[in-house]
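Report on the structure given below.
The values are calculated or read from the model by the stated rules, or taken from the named source; none is laboratory data. Keep in mind the model is a prediction, meaning the values are calculated, not measured. No Cβ is skipped: glycine too gets one built from the backbone with ideal geometry, and neighbour counts run over all protein chains shown. Quick note on the areas: whole protein, heavy atoms, side chains included, nothing else; ligands and nucleic acids left out. Shrake-Rupley method; radii C 1.70, N 1.55, O 1.52, S 1.80 Å.
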Amino acid sequence: DLAKSILSNGVRNFYDLMLLNAMGHPGPMASIPEAMENRDSINKMWAKKLHPEIHDILKSTYGVIVYQEQLQEMWLRMAGFTAPEAQEARKAVAKKWTHLLKTIREKWIEGAKKSLGREEADAWWSKMETFGRYAFNKSHSVSYCLMAFRCLWLKAHFAPEYWAAVMSDCHPDKLVRYMSVARAED
């Protein structure tokens with residue numbers, strides 16, 4: 001199972017659960033090993049390699065862009081975007097509006113190269129553009145984790161009622177599978 005393999009990295013706190021939830025789909029999934037390696041790093045070399053402002057923005061996700069809010073914060077702090085410009089840039093990247101990306105990239109490079117240098121600004125843009133297509137809104141990650149917790153609690157403490165609710169609203173093609181899983185857990 002995909003979820004089990006993602007969670008095999010270990011969850012130390014609610015923030016890790018949010019991070020793994022947000023990264024547990026195609027695109028960001030490729031960055032899970034980097035995030036977990038950074039998290040588990042004894043000497044925290046990853047943190048020392050980051051610009052202090054970027055470290056401040058990405059420290060909760062171990063130096064990896066995970067949330068849309070992180071993209072916006074980087075644009076605001078590192079490149080001088082206004083809040084509305086950062087919001088529009090986030091939307092353009094998330095929706096893959098290629099006709100707007102060139103202008104956003106130019107504004108990012110022009111602003112960020114002052115503190116990062118051109119090469120590092122280009123490298124961060126590449127990460128932003130790629131990861132931004134899949135980045136979660138942080139509140140979505142929180143709500144998905146809370147919903148999963150509640151469902152698991154119901155499944156653990158009220159299994160028959162939980163399965164009755166699942167099966168009453170599922171597609172008929174999945175009914176046999178759910179019944180098999182419910183029986184196996186009984």
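Magnitude of the charge dipole for the range 51-173, about its Cα centre and with charges confined to Cβ atoms of Lys, Arg (+1) and Asp, Glu (-1), is about 180 debye.
Here the range 83-138 is treated as an ellipsoid with the same Cα gyration tensor; its semi-axes, largest first and in whole Å, are 19, 12, 11. Residues with beta-carbon under 12 Å from that of Ser60, excluding Ser60: net charge, scoring Lys, Arg +1 and Asp, Glu -1? Once positives and negatives cancel, what remains is -1. The convex hull of the Cα atoms of the range 1-97, projected and averaged over all directions, covers 6.9 nm².
Summed over qualifying helices (DSSP H, 4 residues or more, each -39500 (n - 2.57)) and divided by its residue number, the chain shows a 222 nm mean residue ellipticity of -23000 deg cm²/dmol. Across the range 48-129 the C-alpha pair distances fall into 10 Å bins from zero in the proportions 19, 58, 22, 1 percent.
For the listed residue pairs Lys49/Lys138; Lys48/Lys127; Lys44/Lys114; Lys48/Lys113; Lys49/Lys114, the alpha carbons are over 21 angstrom apart in Lys49/Lys138; Lys44/Lys114. Take every Cα pair under 8 Å whose residues are at least 6 apart in sequence, average their separation, divide by the length of the range 79-132, and the relative contact order is 37 percent. Loop-located trypsin sites (Lys or Arg not before Pro) across the range 83-186 with a Cβ neighbour count of 16 or fewer within 10 Å are Lys95, Lys96, Arg133, with loop assigned by DSSP. Given +1 at the Cβ of Lys and Arg, -1 at the Cβ of Asp and Glu and no other charges, the dipole of the range 1-103 around its Cα centre is 140 debye to the nearest 20.
Solvent-accessible surface of the chain, averaged per residue with a 1.4 angstrom probe and all protein chains in place: 60 square angstrom. Taking every alpha-carbon pair under 8 Å whose residues sit at least 6 apart, the chain reaches a relative contact order of 20 percent. For the range 99-165, carbon and sulfur atoms together expose 61% of the accessible surface, with a 1.4 angstrom probe and every protein chain in place. Shown for the range 103-186 is the translational diffusion coefficient from the Stokes-Einstein equation, using the Kirkwood radius over Cα pairs, a temperature of 25 °C and a viscosity of 0.890 mPa s: 145 µm²/s.
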